[in-house]
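Colleague: I have a structure I would like to understand better, so I am pasting it below and will then ask my questions one at a time.
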Amino acid sequence: MHAEPTAILKTLSDPTRRAIFERLSRDGEMTVHALTDPSGVSQPAISKHLGALKLVGLVRGRRDGRETYYSAEPKALAPLIDWINFYSTFWNSRFDRLEDLLKRMDQ
Amino acid sequence: MMQAADTKTVIVEREMPHSLEKIWRALTQGPLIEEWLMKNDFKPVVGHRFNLRGDWGAVDAEVLLVEPNKALSYTWDAMGLKSVVTWTLTATSTGTNLRMEQSGFRQDQQQAYEGAKYGWQKFFAALERVAGGLS
């Protein structure tokens, strides 16, 4: 299952989220604590960002005892990498919005 | 979706129960474009350079063709993709046939981003440029 391309881009438009995803992509699996230490961002904030990343499938969590280990899912970027699919979805949704607008406009 | 020799094209085409003039306004007036597409500084003037900004990304564009109530074309550059978007309006018995064709998806551009899976630096640099401008 892939999230909408625009949902993925929207999620990654936050610089902290982008940094978290980039770090997990480079350094592999990590706990919230390990992610929190050098960033200067609070743990609840990091957890919230991880939740947003998980929602669009960019990050996966694996529970082991009391710790959850997070890892990046590069495959979730596929809708961004495939421009044809990206723009087919994009333009179809924009046509829907255009039709809504035309209904509201005066002749 | 069509496939030419070395570029691909995305085509979306719909029959709409609205006049050519009304659809033309929605395609060419900034505040109206914002309602269905993205924030913009579009002007229907050939050679005019403009930006489209959504909550997901930004597009650099330049107007290539303006034929009122008939055809509109502009470049569409975003995240390493260079393409051209062309709108064609045709009157029908019940309204207008609106066709959007986005062309210029070159095979090597597809591959550049396939390669991005293994080149994080490059991918994130591109992402930074697009998504970073929004925050």
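Colleague: Give the number of residues within region B:26-43 that are part of a helix (DSSP H, G or I) and acidic (D, E).
Modeller: Residues of region B:26-43 part of a helix (DSSP H, G or I): B:26-28, B:30-36.
Checking the rest, the ones that are also acidic (D, E) come to B:34-35.
Residues that pass the stated criteria total 2.
Colleague: Looking at A:A72, A:A78, A:A7 in this structure, which one is under 30 Å from B:I23 (Cα atoms) and touching a residue at least 24 places away in the same chain (Cβ under 8 Å)?
Modeller: Values: A:A72 fails: under 30 Å from B:I23 (Cα atoms); A:A78 fails: under 30 Å from B:I23 (Cα atoms).
Just a single option satisfies the conditions, and that option is A:A7.
Each row is one residue, and each column tells you yes or no for (1) among the hydrophobic types (A, V, I, L, M, F, W, C); (2) part of a strand (DSSP E or B); (3) within 30 Å of B:P31 (Cβ to Cβ).
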{"position": "A:L24", "(1), (2), (3)": "yes, no, no"}
{"position": "A:H33", "(1), (2), (3)": "no, no, no"}
{"position": "A:G51", "(1), (2), (3)": "no, no, no"}
{"position": "A:R60", "(1), (2), (3)": "no, yes, no"}
{"position": "A:A76", "(1), (2), (3)": "yes, no, no"}
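Colleague: Return the pair list, or none, for Cβ contacts closer than 8 Å from residues in region B:83-100 that are facing chain A (nearest Cβ under 10 Å) and touching a residue at least 60 places away in the same chain (Cβ under 8 Å) to residues that are assigned to a strand (DSSP E or B) and aromatic (F, W, Y), at least 6 apart or on different chains.
Modeller: Once the first residue is facing chain A (nearest Cβ under 10 Å) and touching a residue at least 60 places away in the same chain (Cβ under 8 Å) and sits in region B:83-100, its partners that are assigned to a strand (DSSP E or B) and aromatic (F, W, Y) give B:L98/B:W87; B:M100/B:W87.
Colleague: Sticking with this one: So which of A:R17, A:R63 is over 30 Å from B:K8 (Cα atoms), free of Cβ contacts under 8 Å to residues at least 12 places away in the same chain and among the charged types (D, E, K, R)?
Modeller: On the way: A:R17 fails: free of Cβ contacts under 8 Å to residues at least 12 places away in the same chain.
Going through A:R17, A:R63 in turn, the sole match is A:R63.
Colleague: Considering only residues of region B:54-71 that are within 12 Å of the chain's Cα centre (by Cα) and modelled with pLDDT under 95, which is surrounded by the fewest Cβ atoms within 10 Å (Cβ to Cβ)?
Modeller: B:D60
The values are calculated or read from the model by the stated rules, or taken from the named source; none is laboratory data. This is a predicted model, so every value here is computed, not measured. Glycine also receives a Cβ, built like all others from the backbone with ideal geometry; neighbour counts cover every protein chain displayed.
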